[in-house]
Amino acid sequence: MEKIKILGNHSFQLKGKIKISGSKNAVLPAITASLLTKEKIRLKNIPLVKDVFTILTLMKELGGDYNLKKNSLSVQVKKIRSYEASYELVRAMRASILVLGPLLARYGKAVVALPGGCAIGSRPIDLHIHGLEKLGASISLEHGYIKAEAKKLHGTEITFEKKSVGATENLIMAACLAQGETVLKNCSLEPEVPNLCELLVKMGAKIEGVGREIIRIQGVKELGGATHQIIPDRIEAGTFLLAGALTHGEIVLTHTLPNHLDTIIEKLRFSGAKIEKLNNHSLKVTGTPELRPQDITTSPYPGFPTDMQAQFIVLMTQAYGTSIITETIFDRRFSHINELLRLGANIDVYGDKAIVKGKTLLSGAETIATDLRASASLVLAGLIANGKTIINDAEHLDRGYEKIEEKLKALGAHIERINE
Ligand code: UD1
């Protein structure tokens, strides 16, 4: 069990410059897209996070080969060995389900473990399944596994009942090799979706409407190799902006895309933090001790991301007055709150709303990380809490943050991994 120890301080300031890594959520579908061709896919700006190694393990099990050098990856599936994503891998990372669409489209067969419940709510996969069925797949559930088969997928019109990033990505990938035209309506607009489409277009896919809610895909017989740049991780960038704002620090973020952070920047500016766009790839945050409370509701992009909810709750504990955060994307995504209460935060939960009263001076305590973004919120809280904070089960953090201790240390934080 990994533990992180942070020695925090109310008046401690983070200062310096850090480089933002590639997007975890963009790289995962880009890797599974390699199942759509026998040629090599080369990806740049790979974040070295645990979820990437999990998907690469899955690719290897399916018969793929990869070569990872620093932050560049080449991945190739010349011949498939297995059609199955095991329960062990899907349980470790739900995004393993992103092999479903590509396997079905290229090989006519896929067997993927049903993800089941997880730390942030029930998270069904009905939208993936209904969409693939509309494309002509027959899908059954046996012994906890989704078994999907189709001799050939056929283009059709699919309207997603609600926005789903993963279902949009799975269906786009499947439709690329389907016969005829597929029209997908109510697609997710998260920047990771157009980043995937750009890769697919380079591979030879015919996609119209990239970055829009309605996407039209003309199926092609086969796809080829491509080289592609993964976009920067907007959630990592948002987390570091908050670290600067919370510690009254001054941090410059490089290798980021400020346009993907508009909503986060707007909320941070409202809270009182100063955010400057230095150029198209850099941002500077300057914190202030006089933070203002605010109401925030999570919603699909370009709305406020659910993946920043836990971190913003920490900011709200430092604002003078009452803030409200409403979580509309996932149920039961408040597990970090019990841990923040142990540090002295004043937060009440009513259904999907958390009412945060500030300002509270936090004091270090032993905590447990329950999921990826919950653990990021505990790191932020630990930085500003007086004394020692221990985060148990810190491996959750490694799923999505590359070298987070090193990056924070470079900014002046007292943070280390311990084995006790
Ligand atoms: C992706 C992100 C995750 C982020 C989430 C929401 C990746 C690898 N992960 O997850 O970090 O928190 O988007 O921005 O990109 N839903 C259904 N049926 C389905 C699928 C989803 O009801 O078949 C619901 C979910 O329960 C949730 C909502 O749709 O309430 C959005 O989920 P979705 O966008 O699919 O999340 P993921 O793609 O799993």
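Annotations for the structure displayed:
- Calculated P(r) tail over 11 Å for region 50-94, as whole % of Cα pairs: 66
- For region 116-186, relative contact order (Cα pairs under 8 Å, six or more residues apart, normalised by length) works out to 32 percent.
- Fraction of antiparallel bridges per DSSP, region 271-420 only, in percent to nearest 5: 65
- In terms of the mean number of neighbouring beta-carbon atoms within 10 Å, the peptides 192-200, 240-248, 158-166 order highest first as 240-248, 192-200, 158-166.
- Protein accessible area in the chain, 1.4 Å probe - carbon and sulfur %: 48
- Region 189-312 - Debye-derived log10 I(q)/I(0), Cα point model, q = 0.18, 0.20, 0.21 Å⁻¹: -0.94, -1.07, -1.14
- Rounded, prolate or oblate (a/c below 1.5 giving rounded, otherwise prolate when a/b exceeds b/c) for region 273-420 by Cα gyration tensor: rounded
- For Ser188, distant residues with modelled amide H under 5 Å away: Ser164, Thr168
- Coarse-grained scattering of region 14-137 at q = 0.09, 0.15 Å⁻¹, given as base-10 log I(q)/I(0) from a Debye sum over alpha-carbon atoms: -0.27, -0.70
- Volume per residue of the convex hull around the Cα atoms, evaluated for region 316-360, comes out as 58 Å³.
- For a straight C-alpha distance cut-off of 19 angstrom, the lysines reachable from Lys44 (same-chain residues fewer than eight places away being disregarded) are Lys19, Lys24, Lys69, Lys70, Lys202, Lys403.
- About its Cα centre, the dipole of region 204-262 is roughly 340 debye, where the only charges are +1 on Lys and Arg Cβ and -1 on Asp and Glu Cβ.
- For the chain, the solvent-accessible area with a 1.4 angstrom probe is 40 square angstrom per residue.
- For the chain, the alpha-carbon coordinates run over 63, 43, 42 Å along the three principal axes, in decreasing order.
- Charge dipole magnitude, Cβ of K and R +1, D and E -1 - the chain, Cα centre, debye nearest 20: 980
- Annotation: the antiparallel percentage among DSSP beta bridges lying fully within the chain is about 70.
- The charge dipole of region 26-119, taken about its Cα centre with unit charges on the Cβ of Lys, Arg, Asp and Glu (plus for the first two, minus for the last two), comes to roughly 360 debye.
- For Leu257, no residue whose modelled amide H falls within less than 5 Å of its own remains once neighbours fewer than 5 places apart on the same chain are excluded.
- Which of Phe330, Ala385, Thr54, positive extreme of dipole for the chain (C-beta unit charges): Thr54
- The Rg/Rh ratio for region 254-344, using Cα coordinates for both the radius of gyration and the Kirkwood hydrodynamic radius, is 0.98.
- Residues whose amide H falls under 5 Å from that of Arg399, counting only those 5 or more places apart or on a different chain, are Lys50, with hydrogens built in the peptide plane.
The values are calculated or read from the model by the stated rules, or taken from the named source; none is laboratory data. Small disclaimer: the values here were computed from a predicted structure and weren't measured. Neighbour counts are summed over all protein chains in view; Cβ atoms, including those assigned to glycine, are modelled from backbone coordinates with ideal geometry. Ligands, DNA and RNA are stripped out before the accessible areas are found, and what is left, the full protein with its side chains, is counted by its heavy atoms. Shrake-Rupley method; radii C 1.70, N 1.55, O 1.52, S 1.80 Å.
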